[in-house]
């Protein structure tokens, strides 16, 4: 499920639109709001993305199945090295924001609605990680 979310996210950002993607199948209304805002920002600026983020060693760090809505947390080392923002007209990559980490920790919360786990939040941390693990790097 989490991998499908990342695939659909990359498709939507590449078009600066959720149209023709299945992103809504993998997110709650809260996460969809963030994705929709990101897409609007890209589209308004005349931009889109190329490439895709690579999830490296996602790990479930919390699981709560009691209560009305089961919840889980995933810690992931997200590699955005080849996921670039480009100008749609020229195809030229825009410079990455100063200080942007190419491999960083992402905390993702999920909720189970019916038979499906859905992404509720997807939060990038300003903490570097290595390919080998989703834990902060020693460097």
Determine the principal axes of the Cα atoms in the chain, then give the extent along each, sorted from largest to smallest and rounded to whole angstroms. 51, 40, 18
Cα long-axis angle, helix 2-15 against the chain (0 to 90 degrees, to the nearest 10): 20 degrees
Helix 29-44 sits off the longest principal axis of the Cα atoms of the chain, rounded to the nearest 10 on a 0 to 90 degree scale, by 0 degrees
Relative contact order of region 2-134, defined on C-alpha pairs under 8 angstrom at six or more residues apart (%): 24 percent
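Considering only DSSP beta bridges with both partners in region 2-134, what is the antiparallel share in %, to the nearest 5? Don't jump to the answer; show the numbers that get you there.
On the way: 32 of 33 bridges.
So the antiparallel bridges amount to about 95 percent of the total.
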Calculated on alpha-carbon atoms, Rg and Dmax of region 1-63 in Å: 12.3, 40
Could you check which residue among 39, 63, 78 shows the biggest mean-square fluctuation in a GNM of the chain with a 10 Å Cα cutoff? 63
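All of the numbers you see were taken from the coordinates with simple rules; none came from a lab. As the structure is a prediction and not an experimental result, all values here were calculated from the model.
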